[in-house]
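Input: a single structure, listed below in structure tokens.
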Amino acid sequence: MRTDLDPRGAEATALDPMAVASYAVRRLKGETDDTFTLELQPVDGAARFSFAPGQFNMLYVFGVGEIPISISSDPLKPKTLWHTTREVGTVTRAMRQLKPGAVLGVRGPFGTHWPVDECEAKDVVIVAGGIGLAPLRPALYRILAQRDRYGRVVLLYGARTPADILYRSELERWRARFDLEVYATVDRAMSGWRGNVGVVTGLIGRAPFDALNTVALVCGPEVMMRFTVQELQRRGVRAQAIHLSMERNMKCAVGFCGHCQFGPWFVCKDGPVFRLDRLREWLGKWEV
Amino acid sequence: MTQRRQNRPPHSPSPRAADRGRVRFDRPEFGRLLGGLAAQGYQVIGPTVRDGALVYASVTSPDELPVGWTDEQTGGSYCLKRRNDAALFGYTLGPQAWKPYLHPPTVRLWRARAGHRELDRLPEPAADPPKYAFLGVRACELQAIAIQDKVFLGGDFVDPWYRRRREGVFLVAVHCGQAGGTCFCASLNTGPKATFGFDLALTEVIEAGRHYFVAESGTDRGAAVLRDLSTQPATPAELAAADRIVADAAAHMGRELDTRGLKELLTRNYEHPRWDDVAGRCLTCANCTMVCPTCFCTTVEEVTDLTGEHAQRWRKWDSCFTTEFSFIHGGSVRASPRSRYRQWLTHKLATWYDQFGTAGCVGCGRCIAWCPVGIDLTEEVRAIRRSDGVTLAQQLTA
Ligand SMILES: Cc1cc2nc3c(=O)[nH]c(=O)nc-3n(C[C@H](O)[C@H](O)[C@H](O)COP(=O)(O)OP(=O)(O)OC[C@H]3O[C@@H](n4cnc5c(N)ncnc54)[C@H](O)[C@@H]3O)c2cc1C
Ligand code: SF4
Ligand code: SF4
Ligand code: FES
């Protein structure tokens, strides 16, 4: 009874942009209290999933619904797909209940990506807030895989509390590297936390990078991104070198449903990753 | 940013075919036109009178057209009236354009069965949508179709549901002989004369005891349909009469919109107090987006059966006037009615230019007539233009 289902996402999507491919859950890994990572593999095991860091998929849970989730895996390992998700509502809750072997529908990849190539020969500052680290992780993997092509690489990460820090062991490993500077901060500390306390924007002023020769990649709640952008510019980073990933409601991911509009932009296809100078006039406005 | 292709969709009628001459056929011949289209396998959809309004529905004979009817529209009102002649197209517009036929209010995207190893997506019934001939398409409606073509066919992704319906549609335009009280197509250069995108274009003339149509074809298949009718070359007097009728409609637009610097005007007045003013009147009922021939937004709903084993994905028209439309975790982006009206108006008249190269409004006036409280976008724009640059703070201290 299997029909027009084609696990090779991109080609099938071109024919029928709402068609999903079947992926099986290989593993569900709890990250923090309210976040988890799904490791997915195409049911047709042969397929590879090519994507660029910063792109997202539409994930469909049978009988529940479909939502946009960024790809958080390594683009150089396209055989398995990771999605790190925060449980906030109906679909994400259902997703967390999935057991290994369960089947999900996947459409994608969609959207623009982090300009990793443009970062070459420059310092790279990655600023993430909360779950915003998930779409940035593939960029870090890419950069670390060819580390010598880049200048200083700095990750500034903010979470609500120490318990909310995502990818903790990976962050520890990265922090131990000499070629990657990792600074984390929390809004509220708990006993035992010896790191920074305060918003992530507070880290920007002292982070080691050459503002005039830096590319910044930013993802987090919209308010956090507004302040981050201000701080980066105060340090002298040009708007053309700052990239942000925006979030809007999405029902189609291909420019048909209109839900993701942000001023003149369709976040699903013109974004989610935008260069600041293209967004600036809209970023300062409310309820856009 | 992804590159958007701006070229014409492949199926749009080719530029003018050889047959450029305008011809005349008389009213009794009209039945043959319908018959000819039907004989070619088209399901003819045209204006009919239903429930006190003009509704585009299947027509098989000229008697089913709104013979001798006209409509009157103004802010918040629409009614049908009798004419003192037997015109077939003596009205302006009905509440719905052709959108429901090309971009249906509900579409089942797919259905699936819970599988063990995979999602079992079941094939949709392969039945092709009917091959439509649209009869009585107004100039503004042709422009609206061209606008939706850009949305669904002109980007990196093509919408297969729209494409299947749009491909092969035969378009019979009828130039407007009367402009409605809410019309302003002349301001936007979208009417009242149809200038592109049709297979056939007609002007209905009732004068000095005669009732005839002046016809021109826009495509080869239009010319072929015309050849099967009994036509005469139109005389200079008949052509002049036809042109006079359309010119008269152009001169009697019920509304007007000054489009000079419109996009910039609205963009720089994003915080204008008029948005609060209109939000005080707007019921956010979404009527305007439902009747608008260019609004394309949809949502997707999941429907499951009682066993939980079958699921269906339905696409349905949606509106930026609802709070859920912009919902993301933590709340709606556009929580206030002010921001939702602003999204609607600025999308139509400002950001649409950035997205698709034209306005998202064709000046049909439907949103004015079908607004329960008679909000008139041309008036809202005029108010903003009158006090361009004013902020709320300035107004309060004035
Ligand atoms: C491009 C993009 C990438 C994203 N990447 C991630 C990611 O990597 N990890 C992650 O945890 N979250 C991500 N999100 C947010 C995620 O899509 C929402 O948290 C999710 O849609 C919530 O669905 P729900 O049914 O659980 O919540 P509910 O609150 O029950 O949502 C109801 C409906 O509202 C919509 N909705 C609600 N919140 C959002 C939202 N924040 N964004 C878009 N639509 C929303 C959905 O359509 C959903 O069906 C991303 C969003 C976008 C736009
Ligand atoms: S005005 Fe609103 S409903 Fe209409 S197309 Fe624009 S966003 Fe969609
Ligand atoms: S915005 Fe109003 S006048 Fe313009 S096309 Fe839509 S319904 Fe017609
Ligand atoms: S998500 Fe549908 S248009 Fe962008």
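The values are calculated or read from the model by the stated rules, or taken from the named source; none is laboratory data. Please read all numbers here as calculations on a predicted model, not as lab measurements. Ideal geometry is used to build each Cβ from the backbone, glycine not excepted, and the neighbour counts take in all protein chains shown.
Anything in the stretch B:325-337 that is in a helix (DSSP H, G or I) and facing chain A (nearest Cβ under 8 Å)? List them, or say none.
Passing the criteria: B:F325, B:S326.
Give A:F178, A:F209 a once-over and let me know the one that is outside any helix (DSSP H, G or I) and more than 29 Å from A:G111 (Cβ to Cβ). Lay out the reasoning, then the answer.
Values: A:F209 fails: more than 29 Å from A:G111 (Cβ to Cβ).
Exactly one of A:F178, A:F209 is outside any helix (DSSP H, G or I) and more than 29 Å from A:G111 (Cβ to Cβ), namely A:F178.
When you go through B:A86, B:A133 one by one, which is the residue that is away from chain A (no Cβ under 14 Å), modelled with pLDDT of 90 or more and either on the phi > 0 side of the Ramachandran plot or not in a strand (DSSP E or B) (or both)?
That would be B:A86, the only listed residue that is away from chain A (no Cβ under 14 Å), modelled with pLDDT of 90 or more and either on the phi > 0 side of the Ramachandran plot or not in a strand (DSSP E or B) (or both).
From B:G330, B:G308, B:G360, B:G374, grab the single residue that is within 28 Å of A:K285 (Cα to Cα), surrounded by fewer than 17 Cβ atoms within 10 Å (Cβ to Cβ) and not charged (D, E, K, R).
From the options B:G330, B:G308, B:G360, B:G374, the qualifying one is B:G330.
Here is a yes/no grid of residues against (1) touching a Cys at 6+ places or on another chain (Cβ under 9 Å); (2) modelled with pLDDT under 95:
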| site | (1), (2) |
| --- | --- |
| A:A139 | yes, no |
| A:R147 | no, no |
| A:A176 | no, yes |
| A:R188 | no, yes |
| A:N196 | no, yes |
| A:R206 | no, yes |
| A:M225 | yes, no |
| A:V229 | no, no |
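For (1) away from ligand 1 (no atom under 16 Å from the Cβ); (2) out of contact with any helix residue (DSSP H, G or I) (no Cβ under 6 Å at 6 or more places or on another chain); (3) more than 19 Å from B:T92 (Cα to Cα); (4) not assigned by TED's automatic domain parsing to the domain that holds B:T92, each residue gets a yes or a no:
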{"residue": "B:L119", "(1), (2), (3), (4)": "yes, yes, yes, no"}
{"residue": "B:L135", "(1), (2), (3), (4)": "yes, yes, no, no"}
{"residue": "B:P160", "(1), (2), (3), (4)": "yes, yes, yes, no"}
{"residue": "B:A186", "(1), (2), (3), (4)": "yes, no, no, no"}
{"residue": "B:A208", "(1), (2), (3), (4)": "yes, yes, yes, no"}
{"residue": "B:T235", "(1), (2), (3), (4)": "yes, yes, yes, no"}
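For the structure I just gave you, tell me whether A:R238 is surrounded by fewer than 20 Cβ atoms within 10 Å (Cβ to Cβ), over 30 Å from A:M18 (Cα atoms) and more than 16 Å from ligand 4 (Cβ to nearest atom).
On the way: surrounded by fewer than 20 Cβ atoms within 10 Å (Cβ to Cβ): yes; over 30 Å from A:M18 (Cα atoms): yes; more than 16 Å from ligand 4 (Cβ to nearest atom): yes.
Yes; evaluated as a whole, the condition is true for this residue.
It is to be established whether one or more residues within the stretch A:270-277 are within 13 Å of chain B (Cβ to nearest Cβ) and surrounded by fewer than 17 Cβ atoms within 10 Å (Cβ to Cβ).
Taking every residue of the stretch A:270-277 in turn, at least one turns out to be within 13 Å of chain B (Cβ to nearest Cβ) and surrounded by fewer than 17 Cβ atoms within 10 Å (Cβ to Cβ).
Out of curiosity, is B:T2 β-branched (V, I, T), modelled with pLDDT under 95, farther than 22 Å from B:H175 by Cβ and assigned to a loop (DSSP other than H, G, I, E, B)?
So B:T2 passes the test.
If a residue must be within 15 Å of ligand 4 (Cβ to nearest atom) and part of a loop (DSSP other than H, G, I, E, B), how many such residues does the stretch B:143-186 contain?
6
Restricting to the stretch B:302-326, count the residues that are within 9 Å of ligand 2 (Cβ to nearest atom) and either in contact (Cβ under 8 Å) with a residue 24 or more places away in the chain or more than 26 Å from B:A279 (Cβ to Cβ) (or both).
Taking the stretch B:302-326 as the starting set, the residues that turn out to be within 9 Å of ligand 2 (Cβ to nearest atom) are B:317-321, B:325.
Next cut, either in contact (Cβ under 8 Å) with a residue 24 or more places away in the chain or more than 26 Å from B:A279 (Cβ to Cβ) (or both) only: B:317, B:319-321, B:325.
Within the stretch B:302-326, residues that are within 9 Å of ligand 2 (Cβ to nearest atom) and either in contact (Cβ under 8 Å) with a residue 24 or more places away in the chain or more than 26 Å from B:A279 (Cβ to Cβ) (or both) number 5.
What are the pairs with Cβ atoms under 9 angstrom where one residue, in the stretch B:276-301, is under 29 Å from B:Y162 (Cβ atoms) and within 16 Å of ligand 1 (Cβ to nearest atom) and the other, located anywhere, is of a type in the set (S, T, N, Q) and in a helix (DSSP H, G or I)? Sequence gap at least six, or different chains.
Every condition considered, the pairs that remain are B:C297/B:T289.
Determine if the stretch B:253-274 includes at least one residue that is more than 14 Å from B:T346 (Cβ to Cβ), away from chain A (no Cβ under 14 Å) and in a helix (DSSP H, G or I).
no
Just to confirm my filter: which strands (runs of 3 or more DSSP E) fall fully inside the stretch A:42-146 and include at least 3 residues that are more than 16 Å from A:Y23 (Cβ to Cβ) and either more than 14 Å from chain B (Cβ to nearest Cβ) or small (G, A, S) (or both)?
Per the criteria, A:123-129.
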